[in-house]
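Scroll down for the structure; my scribbles are underneath it.
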């Protein structure tokens, strides 16, 4: 059984629904499971973006619930917001940061991540809350 078929059906359905809502239909979004992501058992999911070919690989921690839960739905939205903001992230990563010197580059990358994550989380939470109404 491939990892993709092991992802619960509700996740596939939820991703498809939100992919449509977020106008991400040109994107190919692949889903898979992994026992532990990046050696950190606290990470629920992670997305790897390939913006130039509009492909996103979302990896979920292997213990994803077999039925929808608030935590997992919000996690999925969080990862999809990264996809939605891929163009901005790529612009900063590929056009702005390389223009800096090595020290400034490291600082800018860290600062961008610190700014991006709360923004993505806030947007995901708002979308999820609106969908509950």
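The values are calculated or read from the model by the stated rules, or taken from the named source; none is laboratory data. These numbers were taken from a predicted model, which means no experiment stands behind them. All Cβ positions, glycine included, derive from the backbone under ideal geometry; neighbour counts span all protein chains shown.
Residue pairs whose Cβ atoms lie under 6 Å apart, separated by 6 or more positions or on different chains, with the first residue in the range 34-50 and within 17 Å of residue 78 (Cα to Cα) and the second assigned to a loop (DSSP other than H, G, I, E, B), are 37/43. Just one of (1) free of Cβ contacts under 8 Å to residues at least 24 places away in the same chain; (2) in contact with a strand residue (DSSP E or B) (Cβ under 6 Å, 6 or more places away or on another chain) fails for residue 6. It is (1).
With respect to being at pLDDT 95 or above, more than 20 Å from residue 129 (Cα to Cα) and either in a strand (DSSP E or B) or touching a strand residue (DSSP E or B) at 6+ places or on another chain (Cβ under 7 Å) (or both), residue 19 falls outside the description.
Here the range 29-40 is the region considered, the condition is being more than 12 Å from the chain's Cα centre (by Cα) and surrounded by 11 or more Cβ atoms within 10 Å (Cβ to Cβ), and the residue that is modelled with the lowest pLDDT is 36.
With respect to the conditions (1) out of contact with any strand residue (DSSP E or B) (no Cβ under 6 Å at 6 or more places or on another chain); (2) surrounded by 12 or more Cβ atoms within 10 Å (Cβ to Cβ); (3) closer than 25 Å to residue 132 by Cβ, residue 90 falls short on a single one, namely (3). Output yes when any residue across the range 43-56 is more than 12 Å from the chain's Cα centre (by Cα) and under 18 Å from residue 123 (Cα atoms), and no when none is. No, the range 43-56 has no match at all. Here residue 114 passes the criteria (1) closer than 19 Å to residue 56 by Cβ; (2) at pLDDT below 90 except the one numbered (1). Counting the residues of the range 94-112 that are in a helix (DSSP H, G or I) and either without any contact (Cβ under 8 Å) to a residue 12 or more places away in the chain or under 12 Å from residue 49 (Cα atoms) (or both) gives 12. Taking the criterion of being farther than 18 Å from residue 27 by Cβ and assigned to a helix (DSSP H, G or I), would at least one residue in the range 46-60 satisfy it? So far as the range 46-60 goes, no, none of its residues is farther than 18 Å from residue 27 by Cβ and assigned to a helix (DSSP H, G or I).
Taken together, 130, 77 contain a single residue that is modelled with pLDDT of 85 or more, in a helix (DSSP H, G or I) and surrounded by fewer than 17 Cβ atoms within 10 Å (Cβ to Cβ), which is 130.
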